[in-house]
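Everything below concerns the one structure shown next.
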Amino acid sequence: MGNSRVNKIKILCVDDETSVVEALRRLLRENFEVLTATSGAEALKLLEAHPDVGVILSDQYMQGMSGIDFLQRSRTVVPNAVRAILSGQIELRQISEALNRGDIHRLILKPWDNDYLRIQIQEAVTTHGTLLEKNRLRQLAITDPVTGLSNHRFFQERLHELWRRDVGKSIPLSLLMIDIDNFKAVNDDFGHLAGDQVLSEVAVRLTSSIHEGETVSRYGGEEFAMLLPHTDGTQSRLRAESIREAVAKAQFAIPQGDPIRLTVSVGVATATSHADCKRPSDLISAADRALYRAKKQGRNQVIVADPTLDRN
Ligand SMILES: [Mg+2]
């Protein structure tokens, strides 16, 4: 039994009445690790230190920050925690709005029945487990196992999201298609382990070159796709040039033998409105054609697609 405590799910109870949090602690401590706070501010601090909290139970009426406000703010700190309001009188409209926004998951009325509360908490813990598993599967589904980058599926989702969000409002969106030159030779000369290591190292370099809101995904094979929101054609050409240069200057370690040199070719395309880019796939085709030209013209270079996303 010695370390069973370590594996107990953490429950955070928040109420401005000490007697209430103490009653909850006594009720739940047998099965859970109970943390308590008497204000929203104190509770948020506790969550920073315990991001693995599974269930939060909060009073609504407290000095400073209301329970709903606290639970809403807790979402960014512990997105997978199940959040419940524990309250006597409560305005139903407020509760239903918070439920609809996903800020809270359930309402437990005071005074509570001990057995009923235990069942509610047990159910919340199960829900928390389901949320964790769902997120784990989601992560798995959008991650490329070789490089750890997001994969083609994620890239497609993100492209569609940005195309709707930005391009519809005539905010530019740029796509860089980056392909490692003569990659087949790496696999042929040094083996597939070396090939995978090179892909990973290129991925690290690409990741370190992106800014907030930008994404880089493994598109497939030795090809990477970088989405640059709010970036016009001129800016994206500069970004592509600096990536190309950085790769050309770098040395890439391989499992056996001396580090090797590599180059990349980059196709760049920018969508500026739904008029010049009717579908997200138009942006991909334009960047693909630019990449093809970069390859054909000798590799290790950047080609920018025609601004009207030429459809020849
Ligand atoms: Mg209160």
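Ranking Ser96, His160, Ser281 by how far each Cα lies toward the positive end of the dipole of the chain (charges on Cβ) leaves Ser281 at the top.
If you place +1 on the Cβ of every Lys and Arg and -1 on the Cβ of every Asp and Glu, how big does the dipole about the Cα centre of the chain come out, in debye to the nearest 20?
460 debye
Above 21 Å lies some portion of the pair distances; for region 1-81, what is it as a whole percent of all C-alpha pairs? Of all Cα-Cα distances in region 1-81, 24 percent exceed 21 Å. Our coupling estimate for region 60-77, obtained by passing each phi through the Karplus curve with A = 6.51, B = -1.76, C = 1.60 and θ = phi - 60°, is 8, 8, 9, 4, x, 10, 6, x, 5, 4, 4, 5, 4, 5, 5, 4, 6, 7 Hz, Gly and Pro reported as x. Compared with the alpha-carbon gap, the fully stretched path from Asp232 to Asn187 is longer by 12.6 nm at 0.36 nm per residue. The spread of Cα positions in the chain, taken along each principal axis and listed from longest to shortest, comes to 76, 51, 27 Å.
Percent of Cα-Cα pairs more than 26 Å apart in region 152-304, please. Tail of P(r) above 26 Å: 24 percent of Cα pairs.
Compare Asp189, Asp282, Asp103 in a GNM of the chain, Cα atoms joined below 10 Å, and give the one with the largest fluctuation. Greatest mean-square fluctuation among the candidates belongs to Asp189. Under 5 Å from the amide H of Val82 lie the amide H atoms of Val55, Ile56, each residue being 5 or more positions distant or on a separate chain, with H modelled from the backbone and absent for Pro and chain starts. Working from Cα pairs under 8 Å separated by at least six residues, relative contact order for the chain is 13 percent.
Its residue count N sets the reference 2.2 N^0.38 Å, and the alpha-carbon radius of gyration of region 35-108 equals 0.99 times that reference. Put in line by how crowded their Cβ is, counting other Cβ atoms within 10 Å and starting with the fewest, Asp15, Asp288 read Asp288, Asp15. Entry note, region 156-312: relative contact order of 29 percent, from Cα contacts under 8 Å with a spacing of 6+ residues. Residues of region 66-87 falling in the label zone of Ala141, defined by backbone nitrogen less than 20 Å from a point 7 Å along Cα to beta-carbon, are 79-81. Annotation: the residues Lys10, Lys110, sorted from fewest to most other C-beta atoms within 10 Å of their own C-beta, follow the order Lys110, Lys10. Fully extending the segment from Asp16 to Glu157 would add 46.4 nm, taking 0.36 nm per residue of separation and subtracting the current Cα-Cα distance. Model label points for Ile108 and Arg261, set 7 angstrom from Cα along the Cα-to-Cβ axis, are 6.6 nm apart. For the chain, lysine pairs separated by 8 or more sequence positions, or belonging to different chains, with Cα-Cα distances below 26 Å total 13.
On the basis of the beta-carbon distance and an R0 of 22 Å, Asp52 and Arg25 show a calculated FRET efficiency of 0.75. Between Ile210 and Lys134, the simple label model (points 7 Å from Cα in the Cβ direction) yields a spacing of 2.5 nm.
Here the Kirkwood formula puts the hydrodynamic radius of region 4-139 at 14.8 Å, using every distinct Cα pair. In loop segments of region 1-72 as defined by DSSP, the chymotrypsin sites (Phe, Trp or Tyr not before Pro) with at most 13 further C-beta atoms inside 10 Å of their C-beta are Tyr61. Take every pair of alpha-carbon atoms less than 8 Å apart whose residues are at least six positions apart; their mean separation over the length of region 1-137 yields a relative contact order of 21 percent. Exposure proxy ranking for Tyr292, Tyr219, based on other Cβ atoms within 10 angstrom of each Cβ and starting from the fewest, stands as Tyr292, Tyr219. In whole Å, what is the distance between the alpha-carbon centres of region 12-69 and region 244-278? So the two Cα centres are separated by 49 Å. Given in Å, the Rg to one decimal and the Dmax to the nearest whole number for the Cα atoms of region 88-207 are 24.0, 73.
Bear in mind these aren't lab numbers, they're just calculated from the coordinates by the rules spelled out. Just so it is clear, the structure is predicted and the values come from calculations on it, not from any experiment. So basically every Cβ, Gly included, is an ideal-geometry build from the backbone, and we count neighbours across all protein chains shown.
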